[in-house]
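Please read the structure below before turning to the comments.
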Amino acid sequence: MGNRMSNRMSNIRGTWMATVEQPKSEEHLPFQGKTLECKNQFFGGGILLFDGYWRGEEKGNANAELERMKLKAPYLKKQVAIRRIKNEDCLDGWKDVADKLIHLNHNNILLVFGYEEDVANGCRYFALEPYSATLYEYCNRMYDGAMPNQSQVLYQITNGIFYLHGKGIVHGDLNPLNVVIAAQSRPVRMKISDFGLSKFSYSKQLLEKGENISSEIKLCLRKYWTFSKKTGSLEGIKDATEDVIAAGCILFYYLTRGENPFGNDSKSILINLKKKNPVNLPRLDENHFGENHFAYEPIKNMITPPGKGLNRLHIANEKFKEALSLQVNTNKLLGSGTFGHVFEGTFNSDPVAVKQMLTTTAEIIQREMNTHIELNHVNVVKLLDVADSADNNFTHLVLELCGGTLTDYCEKKYKGPKLPPDELVLYQIANGLHYIHSRNLVHRDIKPENILISMTTPVQMKVSGLSFVKKTRQDIFSQSEIRGTLLWMAPERLKVNNNKPAELPDGTIKSDTFSSGCVFFYFLTRGKHPFGKNQVNVPGNILKNKQEELVSYKKNLAADDVNGRIPAGLIKLIEKMIQFKEEERIGLPEVIKKLAAVLYGMDKSKCQLRLVYSSLGGYDRISSHPTEPILACANGEKLIFYTAENLAIPFSNWRKKKEEVTIKLLNTYKKVSSLEWNINGTQLAAGFDDYNLVVWSYPECEILFQKKLPDFLNWNPTRPNLFAGWSHCDVFVCDSSIGDVITIINSLKVTSVKWISENRIAVASLWHGKIKIFEMEENNLTTTRLVKEFTHGKYFDNLEWNEKTQYLANFGDMGIKIWSMDDDKPIYSLELEEHRSEFAWCLCTGNGEEEGGIEMARKSAKNFTFAYASRGKGVFIWNPLENGQQPRPLFEDTDIETVAFSSDGRFLAAGGKKKLMIWSTEDWVQIYKVNVDIKKSVMNISFFTTKSTNLCENKFIGPGISGLFEFEFEESKISDSASEISTESDEDVMDLT
């Protein structure tokens, strides 16, 4: 077989997926047809760690399904770490040890799946459980991924060592490199590794590296973690006391993020080990670690044990077990499900619900945790933590504690806070379920028992029961078997309930819509199923589309005052949700939109709107599409689009429209300083602060234009390929269809550029305070001529154009001036002495061609509403056709920096340092004031373009450069006057990423 591994051992469990060839160097290993880099070069005794695949028996669950691998039990393709040890470096009797290790199965021990020999090259290969990092990497800030909480880390490390000793195995070489973090598992676990196979400790390989090893790595040598003088060879080590001492040192090392209890350098550590004097240990009892830290006494006893001291490990393990942040009260059962029981408990001293699942249901646990841990929504029950039980028999899912279920409420067993109005309850259920769908998941088990009621007020409904959640692609999911509850299952799923797995058709998320429609009816009628009273008959009635209770309700509606409380519109909505045919069934986005319209039309004494902040971290700029509910988000590395079916969908439920686009610049990465759509949303331009300007087509995202140009730009109002960029001295008119600059306009000290027609462009210049109007020939855009010039005086930088009136306005130190193309002097002006900040013109829709034309528009006061922010004074509005041309103060504040009108002209928003205010332009009543808990001031406010009269569909880009605001519904407890709210709570902050 040449270099291939041969002499396969007859007792090996499983096989390699491909042959492993002898590496040409110690840094790379050819495997499965490609060279894989060494995962960690600091493994002692000639051990190197590589990535690979292994197919063997699935430990602890012979019938587990690994969907990612597309293979079925009992032979499964695993991703593993492959460890190579030279034959001469293996312990005598290594085979017996390896066979024993294969049968070890503990949450805190790195699993060994199998081994093979390479006789030709004198090596042995071991397939091990993969992991993410070592404790050394964590404590030296080289790993910042997921970690168990502090009490779990301490308990799991001692628990793993205690388990080894119980099996008669002494590790002998415990140090921070041999304690690893399995972040790919759920829960994240600490695991003990590297024992019983190599005869040498880290000393041999590390010393061979010489000067290439850092001082921190050298301090991981065995001699710095034990009192033993045997520091080179691990042969014959049988005294478990050395493990106890090393374990205590490791726990201290973890708590202090990288310190040894016996000293701060190699010399002092060796001296103090010899004296058995842990000079750094008192640090654990200092105030900054918390007075009387619970780990102080256990660690002290572990590193200074009298005699053998084996009992000290057991005592420490029990102490850490008592200190676990999660405590489960199995005497208080909250509920039971297919895969576990739910108990009351405490987590970090707070009351929680704890779902207890047997570790033998590993596949279900992994699926539920891997999906649930990523979900963060006010209407989805939160998974706070995942932890193993102390006896390792159970996995605990720590969930927020709720006051009851929808079933409890309808059966009059609920004793928690008052529920919101019925319409809002339905909205919240639909909102939570749609959020799950927006994350490319299908629930598959929507039922009243899985709708929880929060204990906090205002009450929120929360979707739970995520054991059957499955990934979708374009809202379709494959079915290996039917999951869910028959009583609430859609007909298309009931039809295939008896099919063989191979015959099951794909399902869609509309099966969840059907289930939620049934739940809606159940809630509104306080306990009735739309398909019948008798539960035994319900599945059959669903298959027959026999809506017994819904039909009965509609017949008795006129005569029944109790039933009559349900609006007819909601009954019609439910009918659309439970349509027999999927293609005729309404989708959740439309359900949310219709419920939002119902809520918006309700009496304000029952329901009101509140403003909610959604974060969009990691992006320099975000920009809304001019005609569709699409968000473009960009930083110097990538461009991503988020979308929703309609503007009633909360920002938290928007989903990625397509895969992210990698940004390729002409030079190194720089920050995105501008992000602008063209007039019809077919192109997107980004300016970078290193003078890069890129234009992409949309939705193809192909680069149409890329030049070294300034990052300020303005798109032409009618020609989708034409835009202008400007620097301090020049204006560059560009055509993205040819990917080039077509003409350059020279003008000193340019501060602002604005297209005012298809062929005309206004350029504001500080040179003598001029505004110059340039015109390009219709058939020859490369030729420009100066057609008009206005003198403003002093500094100014803002330009606005009103298409209705054909007037141009500018704002600066001298105030606001409004210009006509027919005059040389301003038509209207407002002189200001105070330092200006920013202004906005309420540009109502229209193009001057309606009845009355331009002349009528110029006489209408509604076309002349301005708002400006004056630093040091506040927010003012000014209308030259009203109030004797005097400005009107709206809000006094010294930190207001920006103002913006909604595209329909109905709202004005103003923002500053950690605050945002909104007024209705109809009567200038302040309808919201929100305190924003963000680091940066509110700036760059821009509204989505919408013709809707529904306030809840108003969304806008608000604080900082990566924040969003939107209106949501809540139960009303106040009058119609302006409300002041905070966005500091976690439930108000949603991250689209």
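Assorted remarks:
- Using a Förster distance of 60 Å, the FRET efficiency for K418-L781 (Cβ separation, nearest 0.05): 0.40
- Full extension of the chain between H341 and K657 yields a length gain of 110.0 nm, computed as 0.36 nm times the residue separation minus the alpha carbon distance.
- The length gained by stretching the chain between N105 and D506 to full extension, at 0.36 nm per residue less their Cα-Cα distance, is 140.7 nm.
- In this structure, F580 and V496 have a Cβ-Cβ separation that, at R0 = 25 Å, corresponds to a calculated FRET efficiency of about 0.95.
- When the alpha carbon gyration tensor of the stretch 403-602 is reduced to an equivalent ellipsoid, its three semi-axes come out at 26, 20, 16 angstrom, largest first.
- Peptide ranges 913-919, 889-895, 424-430 listed from the most packed, as the mean C-beta count within 10 angstrom indicates: 424-430, 913-919, 889-895
- Going from the residue with the fewest nearby Cβ atoms within 10 Å to the one with the most, C633, C701 rank C701, C633.
- When the stretch 325-400 is reduced to its Cα atoms, the Kirkwood hydrodynamic radius in Å: 12.5
- Volume per residue for the stretch 630-781 equals 126 cubic angstrom (convex hull of Cα atoms).
- Using a simple spin-label model with pseudo-atoms 7 Å out from Cα toward Cβ, A861 and K606 lie 3.7 nm apart.
- Cα gyration tensor of the stretch 633-708 - equivalent ellipsoid semi-axes, whole Å, descending: 24, 13, 11
- Label point of I744 set 7 angstrom out along Cα-Cβ; within the stretch 776-792, amide nitrogens under 16 Å from it belong to 782-784.
- Förster radius 51 Å - calculated FRET efficiency between E833 and D690 (Cβ-Cβ, nearest 0.05): 0.85
- Placing dummy labels 7 Å off each Cα toward the beta-carbon, the span from S737 to V536 is 7.4 nm.
- Distance from the Cα centroid of the stretch 120-170 to that of the stretch 605-649 is 42 Å (rounded to whole angstrom).
- Virtual spin-label span in nm between Q366 and A568, 7 Å along Cα→Cβ: 5.5
- Contour excess over end-to-end distance, with Cα ends at R888 and K914 and 0.36 nm allotted per residue: 7.0 nm
- Cα convex hull of the stretch 576-618, projected area averaged across orientations, nm²: 5.2
- Restraint check, K238/K300; K462/K528; K638/K770; K447/K656, Cα-Cα greater than 31 Å: K638/K770
All of the numbers you see were taken from the coordinates with simple rules; none came from a lab. Predicted model only: the values in this text are computed from it and were never measured. Here Cβ is always computed from backbone atoms with ideal geometry, including for glycine, and neighbour counts include all displayed protein chains.
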